[in-house]
Amino acid sequence: MVYRTEATSIGGFIQQVAVSFLGNGYYFYVAGSVPEGKDPSAVDEKLIARYGIDISKWARARRKQAGTANLQYIRFDRFFVLLATHGQHPFFEEEASCIRDARRTPIRFAGYSISYRGGHPHVRIEQEEYKQMKAYFLDLAVHRSVVNLERELAQISFEPYAPVRRQLLSILRTVNRARKKAGFTPMTKNVFRFKRRIYRPFEPTLAQGAPLPA
């Protein structure tokens with residue numbers, strides 16, 4: 001099988017990094033962007049060849065048993081992440097100054113913060129993005145009707161991973177406290193989508209960020 005590198009949606013990219021990679025022990029990473037003027041596909045091929053990423057699952061199993069690290073690579077548009085498991089590998093020497101551990105330093109992309117905590121992947125809205133969003137809706141809380149506020153809240157496009165759901169509900173509580181104080185009708189949590197979409201990360205999409213029907 002051809003090693004696929006280019007995610008076709010932000011949601012698919014986030015899912016692949018969090019669930020398939022971090023969830024399987026690929027904690028060490030280098031993130032970057034392909035410079036303007038360079039062909040992203042050429043950069044993909046160069047990194048895959050340099051670090052021997054395009055191998056079978058059987059070869060990965062043998063590497064793991066031998067104490068050698070395995071690597072994965074994924075890109076969306078011009079942003080890419082190169083990830084590795086524990087073990088020995090030239091990657092740790094050649095990228096030493098840039099390597100981060102997702103258990104300590106989250107991968108930040110498209111407003112998301114992706115890390116590994118408490119034994120599982122952790123996807124949330126990046127803190128600064130979240131604060132700005134909360135401030136925005138608090139500012140609207142007593143200046144919009146329930147219908148208009150619900151319409152705005154329903155347009156939030158972050159996939160509702162558990163930490164994201166908690167953040168969205170926190171925004172809702174903040175808005176409702178302000179509305180209650182002003183004597184306005186509160187909103188219900190039904191405005192949010194709480195079921196996460198399941199993506200096929202490398203398959204064509206009907207629209208940006210929307211997965212194909214199953």
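Once fully extended, how much extra length lies between residue 20 and residue 196, figured as 0.36 nm per residue of separation less the alpha-carbon to alpha-carbon distance?
Working it through step by step, the gained length comes to 61.8 nm.
Note the angle between two axes, namely the Cα long axis of helix 162-181 and the longest principal axis of the Cα atoms of the chain, as a number of degrees from 0 to 90, rounded to the nearest 10.
So the inclination is approximately 20 degrees.
Along the charge dipole of the stretch 1-98, pointing to its positive end and built from +1/-1 on Cβ of Lys, Arg, Asp and Glu, which listed residue (81, 31, 71) has its Cα farthest out?
Checked the options; the winner is 71.
Put +1 on the Cβ of every Lys and Arg and -1 on every Asp and Glu Cβ in the stretch 76-177; which of 90, 122, 169 then has its Cα farthest towards the positive end of the dipole?
My answer, from the dipole projection, is 169.
As an exercise, take the mean of 1/r over every pair of distinct alpha carbons in the chain, invert it, and state the Kirkwood radius in angstroms.
Kirkwood radius, the chain: 19.1 Å.
In nm, what is the difference between 0.36 nm times the number of residues separating residue 96 and residue 41 and their Cα-Cα distance?
Gain in length upon complete extension: 17.4 nm.
Using a simple charge model, +1 on the beta-carbon of Lys and Arg, -1 on the beta-carbon of Asp and Glu, nothing else, what dipole does the chain show about its Cα centre, in debye to the nearest 20?
About 1220 debye.
For Cα pairs less than 8 Å apart in space and 6+ apart in sequence, what is the mean separation divided by the residue count of the stretch 38-88, i.e. the relative contact order in percent?
Details: 45 pairs, mean separation 15.1, N = 51.
Relative contact order, the stretch 38-88: 30 percent.
Tell me, what is the percent relative contact order of the stretch 11-112, built from C-alpha pairs under 8 Å that lie six or more residues apart? Intermediate values should be presented prior to the final figure.
Details: 115 pairs, mean separation 38.7, N = 102.
It comes to 38 percent, rounded to a whole number.
Checking the cross-link filter: which lysines have an alpha carbon closer than 19 Å to that of residue 180, excluding same-chain neighbours under 8 positions apart?
List returned: 134, 189.
Let me spell out the model: positive unit charges on the Cβ of Lys and Arg, negative unit charges on the Cβ of Asp and Glu, origin at the Cα centre of the stretch 1-92. What dipole size does that give, in debye rounded to 20? Mind showing how you got there, number by number?
On the way: 11 positive and 7 negative charges, 91 e Å.
Charge dipole, the stretch 1-92, about its Cα centre: 440 debye, nearest 20.
Need one number: convex hull volume per residue for the stretch 18-72, Cα atoms only, in Å³.
97
At 7 Å along the Cα-to-beta-carbon direction for both residue 150 and residue 117, put a label point, then send me their distance in nm to one decimal.
Calculated label separation equals 3.1 nm.
Can you tell me, using C-alpha contacts under 8 Å and at least 6 residues apart, the relative contact order of the chain as a whole percent?
26
Suppose only helical runs count, i.e. DSSP H with n ≥ 4. What mean residue ellipticity at 222 nm does that imply for the chain under -39500 (n - 2.57) per run, divided by all residues and rounded to the nearest 500 deg cm²/dmol?
-10500 deg cm²/dmol
When the chain is fully extended, how far beyond the present Cα-Cα distance does residue 2 get from residue 128, taking 0.36 nm per residue of separation?
41.6 nm
Ranking request for peptides 21-31, 188-198: highest mean number of other beta-carbon atoms within 10 Å first, then the rest in descending order.
In descending order of packing, they fall as 21-31, 188-198.
No lab work stands behind these numbers, since they all come straight from the coordinates. Everything numeric here is computed off the predicted structure, so don't read it as measured data. When we count neighbours, we look across all protein chains shown, and the Cβ atoms used for this are built from the backbone with ideal geometry, even at glycine.
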